[in-house]
Amino acid sequence: MVSVPLYKPENVIGDEVIDGIRDVLASGWLTLGPKTRSFEDEFSTAHSSEHGIAVNSCTSALYTCLRTLGVGDGDTVVVPAMTFSATANVVRLLDANVVLCDVTETGNMDPESLARQLERYDVAAVIPVHLYGLPADMPEICRLADEHGAAVIEDCAHAPGASIAGEPVGSFGDAGCYSFYATKNMTTGEGGMVVTNDDSLADRVRKLRNHHQTKSPDEKQDNWGYDVDGLGFNFRMSEIQAVMGRSQLERLPEMNDNRREVAQQYLAALEDIPGLEWVGDSDSFADHVFHLFVVRVTDDYPLTRQSLYNHLSTNDIVTGVHYPPISELSYYGDVCGNHDTADDLYDEILSLPMFPRMTDTEQETVIAALRSAANE
Ligand SMILES: Cc1ncc(COP(=O)(O)O)c(C=O)c1O
């Protein structure tokens, strides 16, 4: 029997990367150097932004953006209830308050719920998430945030290459933050990127990722003199990661097209499996980059979500739940905000295997198991 993982990073990483890594090792420049700069330029250009600042994770990207915007003790930041914990953690790491905003049936931030939180609280920043690779309603979210003087940091961890009417996500708000974690659409093992059109924000993020030094390592080559004019951290990206990122960026449109083809085949199969419903929006199919393909296991399906998970697992098919809402996490037991729709989704969602270059056999194995579970 074929076993099918949830992700296949080896399908995302091209063999050409090995030569690039060899070049880096021979060059004597292992971190924050010319390859990282090229990756930053290429990534920001591909995402219609002036600046790209490569960091070591999306978590540090989000953290540096909030910190650079001055978010701190006692400030309020709105995040969607349905997201990975990192989106909220960065807020609490800055001693600011997390307020949850509910999501729509797609799992993305609900602008109506956001409008209510913006009325109720004095909000410093909003972090919409392009969940599963589907762009959030950025024009409306930015309009609302602007009306209330709140900054917008886009959490694009799931959505490199996604766009709304041709405009890449990450270019709508004050900054966009990407993840190159092992399972993401593009991976450098660990890694992240900030994109922004704000020169001053870019400058401060650049310093914050490198101990707040006033010069980058290459700028110190000819003249060692530098200052430390603030408190910074080491959030740097290595040259090996940059090589991995550059090679995948070139193939990103093709890989995202490939993910859409896999999604299309799942959608065709779901038409005759009653009770399993895609969590998405067919009107935005072309904008979606399918980091995850998520279904709701509704009451019309003969098995519960847990029984289906077990059935698939017995058949060597790995699935997952993305995510327990923030309010479900014990650390966030006291969190304020709205999460009714996120809670409803949480009862029923299941992420099916999704990766580019999924073979017909792999996908047919998953679909056959969904059908056989329904007929048991
Ligand atoms: C929505 C979302 N935001 C942020 C992150 C954090 O990304 P990283 O692991 O690169 O720090 C993740 C990681 O899974 C995520 O799914």
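Taken together, the values in this text are just the output of simple stated rules run on the coordinates, not laboratory data. Everything numeric in this text was worked out from a predicted model, so none of it was measured. As a convention, Cβ positions derive from the backbone with ideal geometry for all residues, glycine included, and neighbour counts pool all protein chains shown.
Quick rundown of the values:
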{"item": "Search result, residues across segment 1-33 that are closer than 12 Å to Ser238 by Cα and of a type in the set (A, V, I, L, M, F, W, C)", "result": "Ile21, Val24, Leu25, Trp29, Leu30, Leu32"}
{"item": "Some residue of segment 36-45 being of a type in the set (Phe, Trp, Tyr) and surrounded by fewer than 23 Cβ atoms within 10 Å (Cβ to Cβ)", "result": "no"}
{"item": "Subset of segment 204-233 [of a type in the set (S, T, N, Q), in contact (Cβ under 8 Å) with a residue 40 or more places away in the chain and either within 17 Å of Gly191 (Cα to Cα) or not in a loop (DSSP other than H, G, I, E, B) (or both)]", "result": "Asn210"}
{"item": "Matching entry among Ala242, Ala263, Ala268 (being small (Gly, Ala, Ser) and crowded, with 23+ Cβ neighbours inside 10 Å)", "result": "Ala242"}
{"item": "Failed criterion for Asp15 (all others in (1) touching a Pro at 6+ places or on another chain (Cβ under 8 Å); (2) more than 18 Å from Tyr181 (Cα to Cα) hold)", "result": "(1)"}
{"item": "Strands (runs of 3 or more DSSP E) wholly inside segment 88-198 containing at least 1 residues that are within 14 Å of the ligand (Cβ to nearest atom) and among the aromatic types (Phe, Trp, Tyr)", "result": "175-179"}
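Yes/no per residue for (1) of a type outside the set (Ser, Thr, Tyr); (2) in contact (Cβ under 8 Å) with a residue 24 or more places away in the chain; (3) in a helix (DSSP H, G or I); (4) more than 30 Å from Ile349 (Cα to Cα):
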residue	(1), (2), (3), (4)
Gly14	yes, yes, no, yes
Ala26	yes, no, yes, yes
Asp41	yes, no, yes, yes
Thr59	no, yes, yes, no
Cys65	yes, yes, yes, yes
